[in-house]
Amino acid sequence: MKKTLVLWDIDGTLLGSGGAGMKALSAGLLAVFGVADALEGIEFAGRTDPWIIRRILRKAGLPDSDSNIAALLDGYIGALPAHLSSCGARVLNGARERILEAAERPDIAQALLTGNVRRGAQTKLGYHGLWDYFPLGAFADDSETRNELGPHALRRAAMHWGVDFALERVWVVGDTPHDIACARALGARALAVATGSSTAVELASFRPDAVLEDLGDSGTFWQIIDGTERNPSSLI
């Protein structure tokens, strides 16, 4: 029976896009609205796609209506595959191996908890052959507010696996302070990885349950997830 639920962030945690997402958004904005250079100064890390797009539209002087958000999302998704290729998008160190190990363990369930809309998550993970390892997730389609995504993931996991996962056995794995906050909003544990724009020291200041430089060390990762690492703060 599944006992532990691992909820993975995507960008900066599993994948490095090389700027493909920002370039696809710029291409979509130009193609759909004829506007260029409206992304500077907008925070991307740890935010949801609709949150980002709403601010791009405002900066471009366009109404942030539902129809405009949907139109720019379509333009972004359409441009994304080409930019993933041209920007050298990659799977981050250890991420593929940890996903495959989780898939082999009968006690581990894994799903997504991401600020991507579902189509974006599928495009990015599918590019690397990883989409099919995640039977479900919570996506930005569920809410523009990242801290509201956790309950959607937990509810879907309970329905899919027929398990009411205890919150102390639910781990949110992410690379930003927003991922840590999302875990706390759910009442779950937070494993921060310094593979995005924040350092391990910066992430540690937000008091996750553990911090890793990356996902490269299988033994340490699973000691944390399984609760056998006695002093995870020593990893900070």
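The values are calculated or read from the model by the stated rules, or taken from the named source; none is laboratory data. These figures come from a predicted structure and were not determined experimentally. Neighbour counts are summed over all protein chains in view; Cβ atoms, including those assigned to glycine, are modelled from backbone coordinates with ideal geometry.
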Scanning for something in contact with a Ser or Thr (Cβ under 8 Å, 6 or more places away or on another chain), crowded, with 19+ Cβ neighbours inside 10 Å and within 24 Å of Ile53 (Cβ to Cβ), does the stretch 102-111 turn up at least one residue?
-> no
Could you please find all residues in the stretch 134-153 being in contact with a strand residue (DSSP E or B) (Cβ under 7 Å, 6 or more places away or on another chain) and outside any loop (DSSP other than H, G, I, E, B)?
-> Gly137, Ala138, Gly150, His152, Ala153
So which residues in the stretch 202-222 are surrounded by fewer than 24 Cβ atoms within 10 Å (Cβ to Cβ), free of Cβ contacts under 8 Å to residues at least 40 places away in the same chain and either among the small types (Gly, Ala, Ser) or out of contact with any helix residue (DSSP H, G or I) (no Cβ under 9 Å at 6 or more places or on another chain) (or both)?
-> Ala204, Ser205, Gly219
Residue list for the stretch 35-54, restricted to those being over 17 Å from Asp11 (Cβ atoms) and at pLDDT below 90 = Val35, Ala36, Asp37, Ala38, Glu40, Gly41
What are the residue pairs meeting all of these: first residue in the stretch 187-201, first residue surrounded by fewer than 19 Cβ atoms within 10 Å (Cβ to Cβ), second residue hydrophobic (A, V, I, L, M, F, W, C) and in a strand (DSSP E or B), Cβ atoms under 9 Å, and 6 or more apart or on different chains?
-> Gly187/Val170; Ala200/Ala192; Ala200/Val193; Ala200/Val211; Ala200/Leu212; Val201/Val211
Between residues in the stretch 106-124 that are over 17 Å from Ala183 (Cβ atoms) and free of Cβ contacts under 8 Å to residues at least 24 places away in the same chain and residues that are buried (at least 23 other Cβ atoms within 10 Å of the Cβ) and not acidic (Asp, Glu), which pairs lie under 7 Å by C-beta distance while being six or more apart or on different chains?
-> Arg118/Phe139
